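Before any comments, here is the structure.
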Amino acid sequence: MRFLQDLYTQYYEANCVASFVLDSVDLVNVSEFSGMDLSNAEFELFHKTNALKKSSGVLVVKIQEKKLFLQYKISAHITVFYALKDLSAGKSFDGFVGERRVKFERFTSLPACRDDFKYNVAKVYLPKDMTITKDKLRAKILVKKGDFVQVKAQGDGFVLQHSLQALQSGSYGEVINVKNIQSGKIVRIKIVDKNQGVLL
């Protein structure tokens, strides 16, 4: 069923590109719909947010004034990342993450993507072989208060770079205040990497 295939694929592709492959959709009680014209039917996933995190659910089929319920089960595979060794809370993932393709069954939280490990650390203790999900990640502090940050300012045909002092700590994408030590001027920057930012 194309509707289900598109819903699941879009949901997981928006999380991690090329991570989800739907093999088949099995409609459990499809015999109850035999002889019905579904060409003008509207489809809706029952409890959509939670339904997409598991391999089975109920599809609501709206035909004219009627609502019918179609049970389904999907067969799919998804790429996940797992801890290669025990990781304590606050530990960086550098070199400690493996990748594998598993049968899709159920997730309480979305699986982490490869890009998530660059700017995050373990939020909690992760035992070896545990699948890493987004709720197990915490933003890595890339700029610490008092550190000097390389700040780029760009304009029409020019790029300036200054070393400014951070007045607060921050993670990737956060906006913080920094100070020019010579002039005392305070400006706002967006953190783009370890001790690097762009002027806002």
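The values are calculated or read from the model by the stated rules, or taken from the named source; none is laboratory data. None of these values were measured; they are calculated from a predicted model. Ideal geometry is used to build each Cβ from the backbone, glycine not excepted, and the neighbour counts take in all protein chains shown. For the accessible areas, the whole protein counts, side chains as well, though only heavy atoms, and no ligand, DNA or RNA atoms are used. Shrake-Rupley method; radii C 1.70, N 1.55, O 1.52, S 1.80 Å.
Kindly establish whether LYS62 is of a type outside the set (A, V, I, L, M), open to solvent by less than 70 Å² (accessible area, probe 1.4 Å) and over 26 Å from VAL121 (Cβ atoms). It is true that LYS62 is of a type outside the set (A, V, I, L, M), open to solvent by less than 70 Å² (accessible area, probe 1.4 Å) and over 26 Å from VAL121 (Cβ atoms). Among what's in segment 142-200 and is out of contact with any strand residue (DSSP E or B) (no Cβ under 7 Å at 6 or more places or on another chain) and either small (Gly, Ala, Ser) or open to solvent by less than 40 Å² (accessible area, probe 1.4 Å) (or both), pick the residue that is farthest from SER92 (Cα to Cα). My answer is GLY157. Within segment 81-108, being of a type in the set (Ser, Thr, Tyr) and either surrounded by 13 or more Cβ atoms within 10 Å (Cβ to Cβ) or touching a Phe, Trp or Tyr at 6+ places or on another chain (Cβ under 9 Å) (or both) holds for TYR82, SER88, SER92. Residue pairs whose Cβ atoms lie under 8 Å apart, sitting 6 or more positions apart in sequence or on different chains, and linking a residue in segment 8-29 that is assigned to a strand (DSSP E or B) to a partner that is polar (S, T, N, Q) and open to solvent by 60 Å² or more (accessible area, probe 1.4 Å), are LEU22/GLN5; VAL25/GLN5; LEU27/GLN71.
Segment 32-149 holds strands (runs of 3 or more DSSP E) entirely within its bounds, and those carrying 2 or more residues that are without any contact (Cβ under 8 Å) to a residue 24 or more places away in the chain and farther than 26 Å from GLY173 by Cβ map to 42-45, 56-63, 66-83, 97-103.
Considering segment 79-123, the residues that are among the β-branched types (Val, Ile, Thr) and closer than 23 Å to LYS194 by Cβ include one that is farthest from the chain's Cα centre (by Cα), namely VAL97. Residues of segment 3-43 that are modelled with pLDDT of 90 or more, among the charged types (D, E, K, R) and farther than 29 Å from ASP116 by Cα: ASP26 alone.
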